Amino acid sequence: MLFAVSCTDKADSLNVRLENRPDHIEFLKVNSGAIKIAGPYIGEDGEAMTGSLLIVEAADLAAAKALAAGDPYAKAGLFASVDIRPWKWVVGNPGA
């Protein structure tokens, strides 16, 4: 089952994001079998990173939450909020 993991950074936390980015990228690579899509939300300037969106495949919501909790960004306390919901890939799905 697929889940959308939508994370919003805490205000004024760019330094936390940048300090943990190498570990976060490694986490994405190590978990690439489960993480189907990942990338940052950006500000209106088109550059400032303000959060993260991941589409993950997991057996259930508990497994998706466990995966998200293992992200170095989450462990560093970067996020003000994390919303995880079941998601259905309809348009642009390479497996369809």
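All of the numbers you see were taken from the coordinates with simple rules; none came from a lab. The structure displayed is predicted, hence computed values, not measured ones. Positions of Cβ are backbone-derived with ideal geometry, glycine not excepted, and every protein chain shown enters the neighbour counts.
Some points to look at:
- Residues with amide H under 5 Å from that of G51, placed H, sequence gap 5 or more: D9, Y41
- Packing-based exposure ordering (other Cβ within 10 Å, fewest first) of S52, S32: S32, S52
- CD proxy at 222 nm, helix term only [per DSSP H run n ≥ 4: -39500 (n - 2.57); per residue of the chain; nearest 500]: -9000 deg cm²/dmol
- Gain on full stretching of the segment that runs from L18 to A66 - 0.36 nm per residue minus C-alpha separation: 15.0 nm
- Among I25, L14, A62 - extreme Cα towards positive end, dipole of the chain, charges at beta-carbon: A62
- Remark: the chain carries a charge dipole of roughly 340 debye about the Cα centre, counting +1 on each Lys and Arg Cβ and -1 on each Asp and Glu Cβ.
- Applying both filters, DSSP loop and at most 16 other Cβ atoms within 10 Å, to the GluC sites (Glu not before Pro) of region 17-60 gives E44, E47.
- Contact order relative to length of the chain, as percent, for alpha carbon pairs under 8 angstrom and 6 or more apart: 47 percent
- Here K36, K10 are placed in order of increasing Cβ neighbour count within 10 Å, fewest first, which gives K10, K36.
- Computed over neighbours whose Cβ is under 13 Å from that of T50, the net charge equals -3, Lys and Arg +1, Asp and Glu -1.
- Label-point gap, in nm, between R85 and A59 - each point 7 angstrom along Cα→Cβ: 2.6 nm
- For Kirkwood radius over Cα pairs in Å, calculated from these coordinates, the label among [x] 16.2; [y] 13.7; [z] 15.1: [y]
- Between helix 14-30 and the chain there is an angle of about 30 degrees, using the helix long axis and the longest principal axis of the Cα atoms.
- Gaussian network model of the chain, Cα within-10 Å springs - most flexible of D12, D23, D83: D12
- Rounded to the nearest 5, the antiparallel percentage of DSSP beta bridges internal to the chain is 100%.
- Within the straight-line cut-off of under 24 Å between alpha carbons, the lysines reachable from K36 are K65, K75, K88, sequence neighbours fewer than 8 places apart in one chain being disregarded.
- Cross-link partners for K29 among the aspartates and glutamates, with Cα-Cα distance under 13 Å and sequence neighbours closer than 8 places in the same chain left out: D71.
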